[in-house]
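Since the structure comes first, as structure tokens, the remarks are kept for the end.
The values are calculated or read from the model by the stated rules, or taken from the named source; none is laboratory data. Please read these numbers as outputs of a predicted model, since none were measured by experiment. Backbone-built Cβ (ideal geometry, glycine too); neighbour counts: all protein chains shown.
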Amino acid sequence: MWFWLALGSAVFAALTSILAKIGIENVGSNLATAIRTMVVVIMAWGMVFLTHQQTGFKDISSKSWIFLILSGLATGASWLCYYKALQIGDASKVVPVDKLSVVITLLLAFVFLHEEFTIKSLIGCVLIGAGTLFMVI
């Protein structure tokens, strides 16, 4: 099931890039990010209430609060950078560079989460990096 959800994420991320590039024309990148964020907030809380998960709010640990807030700050910074890059650059170049997050995530998962980093992971990182470089040159 995780694979299909991840594939759905990739499809929606691709749609996000194309729809954003069209929608950001003549709109400030920060304003566009704020509008997008409002929609995401409404959608996320809608899913919380639709799935009756609002009762778990009080059970969230302090550690989880801290890391969820930090993750939210990182998401906000990512979106602000992404929208500005998308506004001034070609989607066909911005998106591949943005996807270097895969390589960075693998490295951070190895360092901080002690996840396995295999020769397959290394080859994948090199190929993604080379592919990104190839696409933006």
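Just one residue in the set Ile24, Ile104 is in the same structural domain as Ile119 (by TED's automatic domain parsing), under 30 Å from Ala130 (Cβ atoms) and of a type outside the set (Ser, Thr, Tyr); that residue is Ile104.
Of all the numbered requirements in (1) within 28 Å of Ile24 (Cα to Cα); (2) surrounded by 15 or more Cβ atoms within 10 Å (Cβ to Cβ); (3) of a type outside the set (A, V, I, L, M, F, W, C), Ser121 misses one, and that requirement is (1). Remark: pairs (first residue in the stretch 117-137, over 22 Å from Val94 (Cβ atoms); second residue modelled with pLDDT of 90 or more; Cβ separation under 6 Å; 6+ apart in sequence or on different chains) = Phe117/Phe110; Ser121/Leu106.
Of all the criteria given as (1) hydrophobic (A, V, I, L, M, F, W, C); (2) without any contact (Cβ under 8 Å) to a residue 24 or more places away in the chain; (3) surrounded by 11 or more Cβ atoms within 10 Å (Cβ to Cβ); (4) closer than 26 Å to Ile128 by Cβ, the one not satisfied by Val48 is (4).
In the stretch 56-105, which residue that is among the acidic types (Asp, Glu) and in a helix (DSSP H, G or I) is surrounded by the fewest Cβ atoms within 10 Å (Cβ to Cβ)?
My answer is Asp59.
Output yes when any residue across the stretch 34-46 is over 24 Å from Ile18 (Cα atoms) and either part of a helix (DSSP H, G or I) or out of contact with any Leu (no Cβ under 9 Å at 6 or more places or on another chain) (or both), and no when none is. Among the residues of the stretch 34-46, at least one is over 24 Å from Ile18 (Cα atoms) and either part of a helix (DSSP H, G or I) or out of contact with any Leu (no Cβ under 9 Å at 6 or more places or on another chain) (or both), which makes the answer yes.
Within the stretch 19-34, if we keep just the residues that are among the β-branched types (Val, Ile, Thr) and surrounded by 12 or more Cβ atoms within 10 Å (Cβ to Cβ), the residue that is farthest from Val102 (Cα to Cα) turns out to be Val27.
Scanning the stretch 7-24 for residues that are assigned to a helix (DSSP H, G or I), of a type in the set (A, V, I, L, M, F, W, C) and touching a helix residue (DSSP H, G or I) at 6+ places or on another chain (Cβ under 7 Å) returns Ile18, Ala20. Can we say Met1 is modelled with pLDDT of 95 or more, of a type outside the set (Lys, Arg) and loosely packed, with under 11 Cβ neighbours inside 10 Å? The answer is no for Met1.
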